[in-house]
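Worksheet for the structure shown next.
The values are calculated or read from the model by the stated rules, or taken from the named source; none is laboratory data. Owing to the predicted nature of the structure, the values given are computational and were not obtained by experimental measurement. No Cβ is skipped: glycine too gets one built from the backbone with ideal geometry, and neighbour counts run over all protein chains shown. In case anyone asks, the SASA skips ligands and DNA or RNA and just uses the protein heavy atoms, side chains included. Shrake-Rupley method; radii C 1.70, N 1.55, O 1.52, S 1.80 Å.
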Amino acid sequence: MNKKLKFALIIVLVVLIVYAGGFLIWSQQTFKPTSQLNHLVNLKQEVHHKDDLYIYKPKSKDIKDGFIFYPGAKVEPEAYSYWAKKLSDEGYLVIIPEMPLNLALLGKNKAEEAMKLYPSIQKWYIGGHSLGGPASASYSLKHQEKIKGLIFLGSYTTESSDLSKAKFPLLSITGERDGLSTPAKIKGSKKFNPTDTTYHEIKGGNHAQFGMYGTQAGDKKAKISNKKQQEEIFKTILSWLNKENQR
């Protein structure tokens, strides 16, 4: 190997290391639960943490169904604790996994860990916020025998995970003021959704308020409070799950 080629390879290696290091640092700059959420939910006592799963267990021993939720990119699982805790109070087991490098697209099969932990649950639903949505859609398509329904929060699927022939129903909750998963993008993706899809738009809601982690670059300012949007998310999911539970 001549000196010029060796030097070029060293340069390429250095560049790759720098980019890899930068990506790692970026992935660890996460969106954390807000102080408001910490006042609304006792994250230390009301959220069970087992391995890399955040678990919201119903107080009653009679668990209705299970719901596995994939976080948005770099959003910490606990940021969704408000509506997740309220769903568990209504009898639904909610599990939100930590993702590799805080990116759900790198942990599409995390649902398997949750299911193995609770083998007695017969009906499992899955969903995700933002980039967690496509990851949950990808898993659902490959495991339709395990999934009874899919829930998107400020998210949508594309041709790469075409759900139009899926056998399960979809609940799509969107925000009128969402600056990332915009109403236009949601409308353009409808052709990839299952025939049995329920749409619900939160008037005045934005992208970041699907969790409680503060603001997010590129998003629009919400015209409703974070708590009000969380309440509407909870009530919409609960109503849909109860309906599906009766089928």
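How large is the dipole of the stretch 84-184 about the Cα centre if only Lys and Arg carry +1 and Asp and Glu carry -1, each at its Cβ, rounded to the nearest 20 debye? Display every interim value, and only then the final one.
Details: 12 positive and 10 negative charges, 54 e Å.
Around 260 debye, computed over the stretch 84-184.
So for the pair Gln122, Gln246, with labels modelled 7 Å out along Cα→Cβ, what separation do we get in nm?
It works out to 1.8 nm between the two label points.
Compute the length gained on full extension between Lys191 and Ser160: take 0.36 nm times their separation in residues and subtract their Cα-Cα distance, giving the result in nm to one decimal. Please list the in-between numbers first.
On the way: separation 31, 0.36 × 31 = 11.16 nm, distance 1.24 nm.
Using 0.36 nm per residue and subtracting the Cα-Cα distance, I get 9.9 nm.
To the nearest 10 degrees, how steeply does helix 3-27 sit against the main Cα axis of the chain, on a 0 to 90 scale?
The two axes meet at around 20 degrees.
Heavy-atom accessible area per residue, the chain, 1.4 Å probe: how many Å²?
With all protein chains present, the chain gives 51 Å² per residue.
With r defined as the distance between the Cβ atoms of Lys32 and Lys223 and R0 fixed at 25 Å, what FRET efficiency is calculated, to the nearest 0.05? Walk me through the numbers on the way to the answer.
Details: r = 24 Å, r/R0 = 0.97.
Computed FRET efficiency for Lys32 and Lys223: 0.55.
In whole percent, how big is the carbon plus sulfur part of the accessible area of the chain, probe 1.4 Å, protein atoms only? List each step's numbers first, then the result.
Details: 6990 of 12600 Å².
Here it works out to 55 percent.
Sort out for me the Cα centre separation of the stretch 172-213 from the stretch 90-143, rounded to whole Å.
One Cα centre to the other: 19 Å.
How much length, in nm to one decimal, is gained on full extension between Lys142 and Asn42, taken as 0.36 nm per residue of separation minus their Cα-Cα distance? Present the calculation step by step, with values, prior to reporting the outcome.
On the way: separation 100, 0.36 × 100 = 36.00 nm, distance 3.60 nm.
Answer, rounded to one decimal: 32.4 nm.
How far, in degrees from 0 to 90, does helix 132-142 lean away from the longest principal axis of the Cα atoms of the chain, to the nearest 10?
80 degrees
How many nm is it between the label spots at Lys203 and Met115, if each spot is 7 Å from the Cα in line with the beta carbon?
The two pseudo-label positions are separated by 4.0 nm.
May I ask which residue of His200, Asn42, Gly91 lies farthest towards the positive end of the charge dipole of the chain, with charges of +1 (Lys, Arg) and -1 (Asp, Glu) on Cβ and the Cα centre as origin?
His200
Take every Cα pair under 8 Å in the chain that's 6+ residues apart, average their separations, divide by the length, and report that relative contact order as a whole percent.
Reported as a whole number, the value is 16 percent.
Could you check the spin-label model distance between Thr215 and Lys167? Points 7 Å from the Cα along Cα→Cβ, value in nm.
The two pseudo-label positions are separated by 4.7 nm.
What is the packing order of peptides 146-155, 61-70, 191-200, taking the mean over residues of other C-beta atoms within 10 Å and listing the highest first?
On the way: 146-155: 25.2, 61-70: 19.7, 191-200: 15.4.
Top to bottom by mean Cβ count within 10 Å: 146-155, 61-70, 191-200.
Restricting to DSSP H runs of at least four residues, report the calculated mean residue ellipticity at 222 nm for the chain, -39500 (n - 2.57) per run over all residues, nearest 500 deg cm²/dmol.
Details: 7 runs with 84 residues, N = 247.
Rounded to the nearest 500, it is -10500 deg cm²/dmol.
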